[in-house]
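For reference, the structure discussed in these notes is given below.
The values are calculated or read from the model by the stated rules, or taken from the named source; none is laboratory data. Nothing here was measured: the structure is a model prediction, and the numbers come from that model. Here the Cβ positions follow ideal geometry from the backbone for every residue, glycine too, while neighbour counts run over all protein chains shown. What goes into the accessible areas is simple: the full protein's heavy atoms, side chains included, and nothing from ligands, DNA or RNA. Shrake-Rupley method; radii C 1.70, N 1.55, O 1.52, S 1.80 Å.
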Amino acid sequence: MVAVQQSAFGGMRCIVLQPNIGTHWRQTLKIFAVLAATTLMVAGIVSLQGFWPVMVFAVLEIWLLAWALYASALRGRQREVVIVRGNQVEVQKGWRGPEQSWVFDTFWTEVALVPSRHRWYPSRLSLRSRGVELELGRFLCEDERVDLARRLERWIGPMAASGEGA
């Protein structure tokens, strides 16, 4: 998901990138609770009939499901923020807040959208400046990545339309 904010004061432009996760954490916990209760109930009934190894595998299954749901929810909190202000492009990446930050000069930065060699793989969008290459929007769908590349090309680089409000 791409959210664009533009400030009339100072000509600052800000793009926030985040994965498009459909479910909320509370919904995920409710679904997990129902699945865990159902699995443990069936495994308990079968274990009482003498098939006790079923309970071991049921607990292992629930633990793996909990881990997968947590990893998915954590990945949904990933954020990338691109701020274009004056002669600088600042990129911040992190999960709960900015954990890494890069600053590039707009005149020496190139926006590169490299198509993949195979049609089933997504393209790669990156900013290149003075030997540093930083990939953006790995979690975006192809249309969002192409739209973001076009928008950034208008804002960044030696041929960028200075003063353009789009």
Carbon and sulfur: what percent of segment 78-143's accessible surface (1.4 Å probe)? 50 percent
So for R0 = 22 Å, FRET eff. of A66-E99 from the Cβ-Cβ r, to 0.05, ends up at 0.30
Counting only the heavy atoms of the protein chains, how much of D147 is accessible to a 1.4 Å probe, in Å² to the nearest 10? 80 Å²
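Multiply the residue gap between V132 and E90 by 0.36 nm, knock off their C-alpha separation, and tell me the result in nm, one decimal place.
Here the answer is 13.8 nm.
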Estimate the FRET efficiency between W120 and L48 by the formula 1/(1 + (r/R0)^6), using the beta-carbon distance for r and 45 Å for R0, to the nearest 0.05. 0.40
Which one of V146, V111, S129 has its Cα pushed farthest toward the positive end of the charge dipole of segment 108-147, where Lys and Arg give +1 and Asp and Glu give -1 at the Cβ? S129
Loop chymotrypsin sites (Phe, Trp or Tyr not before Pro), segment 98-153, which have at most 13 other Cβ atoms in a 10 Å radius of their Cβ (DSSP): W120
Options V89, L29, A71, ranked by Cα towards positive dipole end of the chain, top entry (Cβ charges): L29
Using the Cα centre as the reference, give the magnitude of the dipole from point charges on the C-beta atoms of the chain (Lys, Arg: +1; Asp, Glu: -1; all else neutral), rounded to the nearest 20 debye. 120 debye
Beyond 28 Å, what percent of the Cα pairs of the chain remain? 42 percent
Where Rh is the Kirkwood radius over Cα pairs, Rg/Rh for segment 81-135: 1.04
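Counting other Cβ atoms within 10 Å, keep those with at most 16, restrict to DSSP loop, and tell me which trypsin sites (Lys or Arg not before Pro) in segment 4-96 are left. Kindly include the intermediate steps, with their values, before the conclusion.
Details: sites: R13, R26, K30, R75, R77, R79, R85, K93, R96; in loops: R77, R96.
For trypsin sites (Lys or Arg not before Pro) across segment 4-96 that sit outside H, G, I, E and B with at most 16 neighbouring Cβ atoms in 10 Å, the list reads R77, R96.
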